[in-house]
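Heads up, the thing below is written out as structure tokens.
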């Protein structure tokens, strides 16, 4: 029996009709795609998009799903099938949430309105002083220098909106005609990083608003990683041997700033909306905004409320402290805002903070315990991270037995050693850290190892961080290199995700990259969770990966400082892997996008004996990287392009590949060798400044297209 949805209490809009079969009957059997006309496919795709948006909201925003996962997956797969067969994909289709092409950098964009910070304190007296100033500035009381005069006007109160102060990452998100257009981090309050493609992957953020929406809307929200999702994600990272995130805020910030949106799509981010920066519709109160945002499909926090006086706001904070550990998101305070927006305008702002809002901070969560040992973990890049093993202690309802010490410099600054009494803090952190030593057991501090605890290779310090120099001779780094080689960032070997690779490594079937090509179907089929079909598919995928393009192979090797763009530039310049392996540093530096640091890293990688051995082992197993085909038409031969900002007709990756197809180089930074900087919407300021410095020709998108036409380079 199909799952049915009760429609009565729901908002009826053009895109969410009660007769949409994929809402009311999601398990409908689909007719073959080839039997549809384009008109029929277009109509079905639009119904599927509306249904998927509805079910996304029920699952990610309302936490009240109405269909099972298998039914949702069927709707999603059908939409993907239609979009692929009829070319119906659109920018804000639900299918675009999986993440687009990797970016070379995050551009800087200007906010439509300043994103101010908020004055804060953990003292109730300061909160009352904020209220006193607000009432005085609004003319609700006389000059209240004394408590007596304050008491005389105590009845003249201001209504406040109280809401949790989320410990996440503040963003500006813009909708035009109800369509998701742009997202940016807070940055310095005036400008922020363009994270449009990354935010697009967060399923609780609608790509299309519903209801009677304004023509233009810029909303402010807080992106965060839920606590349970953070713990599960960190557990996966630790099991893979990767370094765990220190806290949910770091996890959210690091995820949102990923250059590869597909990585963001795989991580569990969420968002609460709490303000409007600019809108073609006006509002009388902040509470009206809070009630309207959900009508448009924007998620708000259910603990937000209106109080009649400042003492009620203080009580609200105490109530929040009492339930803090039960919340599935991190909070570090309460935001208290004047409700009446006309009063907000009268109060105005300083250069950095509004006078109509104040943050009442929550107390930090700390306890003392004893350090029993310090261990050093080895991460994927060889980075060494010290971890303190503690006498178990309960910190804000959680039993803590280990805490991060971050790096050798922090150990020295703290002066921490085994046996010391230390203060453990979880102020907004799920993974605790040592904030200070309260009692030293001796005059010494822990001596950071001079050799890797896994492979005994020498340790080198780079800035505050320490690294194992063993490279692929280190079993832990070797394990991580295998995972990178098979990952989407490497050769994208389908069926060999991180969990399955860990299973192969734990079973002793794989130690290094070359071992992948020694796997047999019978070996895999015997493992738990595998079958003959899945084993055969992986063997076929590995066989197909034996002739990767040279640039893909270079990327998969994980050479420090060599990403996809640099690998592509190397592959265009050199016709074989041997030519790159044997190239001198000056020869490498002749390649666009390769400077002295990158050239030294490449030479160091290929001079490492273990790396050379791995390359030989791969060749013995038939791995033969193929030269990148030279452009058949070299209309742009010898030219170097840099792209910045958002283009309408191309993604940045497509534009780079386009000019490379006609013999040009596409690099990520402007230098004296750059011929043209192509500028889209919201370009990076540094690139424009460098173009001016080097007298580089600047083209807008229309001029770029005309340039292609004039040189006979097709761009359709």
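The values are calculated or read from the model by the stated rules, or taken from the named source; none is laboratory data. Just so it is clear, the structure is predicted and the values come from calculations on it, not from any experiment. When we count neighbours, we look across all protein chains shown, and the Cβ atoms used for this are built from the backbone with ideal geometry, even at glycine.
Things worth noting here:
- Test: residue in segment 465-476 that is surrounded by fewer than 18 Cβ atoms within 10 Å (Cβ to Cβ) and touching a helix residue (DSSP H, G or I) at 6+ places or on another chain (Cβ under 9 Å): yes
- Residues in segment 572-582 that are more than 15 Å from residue 551 (Cβ to Cβ) and buried (at least 21 other Cβ atoms within 10 Å of the Cβ): 0 in all.
- Residues satisfying the stated conditions in segment 342-386, i.e. more than 16 Å from residue 116 (Cα to Cα) and assigned to a helix (DSSP H, G or I): 342, 343, 346
- When segment 503-553 is limited to residues that are touching a residue at least 60 places away in the same chain (Cβ under 8 Å) and part of a helix (DSSP H, G or I), the one that is surrounded by the most Cβ atoms within 10 Å (Cβ to Cβ) turns out to be 513.
- Filtered residues of segment 662-689 (kept if buried (at least 19 other Cβ atoms within 10 Å of the Cβ) and outside any loop (DSSP other than H, G, I, E, B)): 665, 666, 667, 676, 677, 678, 679, 687
- Residue count, segment 259-293 (criterion: touching a residue at least 12 places away in the same chain (Cβ under 8 Å) and assigned to a helix (DSSP H, G or I)): 10
- Restricted to segment 323-348, and to residues there that are under 17 Å from residue 136 (Cβ atoms) and touching a residue at least 60 places away in the same chain (Cβ under 8 Å), the residue that is surrounded by the most Cβ atoms within 10 Å (Cβ to Cβ) is 336.
- Test result for residue 257, more than 29 Å from residue 140 (Cβ to Cβ) and surrounded by fewer than 16 Cβ atoms within 10 Å (Cβ to Cβ): yes
- Looking only at segment 98-123, and only at residues there that are in contact with a helix residue (DSSP H, G or I) (Cβ under 6 Å, 6 or more places away or on another chain) and not in a loop (DSSP other than H, G, I, E, B), the one that is modelled with the highest pLDDT: 108
- Restricting attention to segment 604-620, the residues that are under 32 Å from the mean Cα position of the chain (by Cα) and exposed (fewer than 15 other Cβ atoms within 10 Å of the Cβ) total 1.
- Selection status of residue 488, under 24 Å from residue 554 (Cβ atoms), surrounded by fewer than 18 Cβ atoms within 10 Å (Cβ to Cβ), under 24 Å from the mean Cα position of the chain (by Cα) and touching a residue at least 12 places away in the same chain (Cβ under 8 Å): yes
- When residues of segment 428-445 are limited to those that are modelled with pLDDT under 85 and either touching a helix residue (DSSP H, G or I) at 6+ places or on another chain (Cβ under 9 Å) or in a strand (DSSP E or B) (or both), the one farthest from residue 321 (Cα to Cα): 445
- In segment 401-417, the residues that are farther than 13 Å from residue 372 by Cα and not in a helix (DSSP H, G or I): 404, 405, 406, 407, 415
- All of (1) touching a strand residue (DSSP E or B) at 6+ places or on another chain (Cβ under 6 Å); (2) at pLDDT 90 or above hold for residue 579 with one exception: (1).
- Segment 294-320, subset in a strand (DSSP E or B) and touching a helix residue (DSSP H, G or I) at 6+ places or on another chain (Cβ under 6 Å), residue surrounded by the most Cβ atoms within 10 Å (Cβ to Cβ): 307
- Test result for residue 598, over 31 Å from the mean Cα position of the chain (by Cα), without any contact (Cβ under 8 Å) to a residue 60 or more places away in the chain and crowded, with 16+ Cβ neighbours inside 10 Å: no
- Residue within segment 29-40 that is in a loop (DSSP other than H, G, I, E, B), touching a helix residue (DSSP H, G or I) at 6+ places or on another chain (Cβ under 9 Å) and at pLDDT below 75 present: no
- Count - residues of segment 358-404 that are in contact with a helix residue (DSSP H, G or I) (Cβ under 8 Å, 6 or more places away or on another chain) and at pLDDT 90 or above: 2
- Selection count where residues are in a loop (DSSP other than H, G, I, E, B), farther than 22 Å from residue 506 by Cβ and out of contact with any helix residue (DSSP H, G or I) (no Cβ under 6 Å at 6 or more places or on another chain), scope segment 446-464: 6
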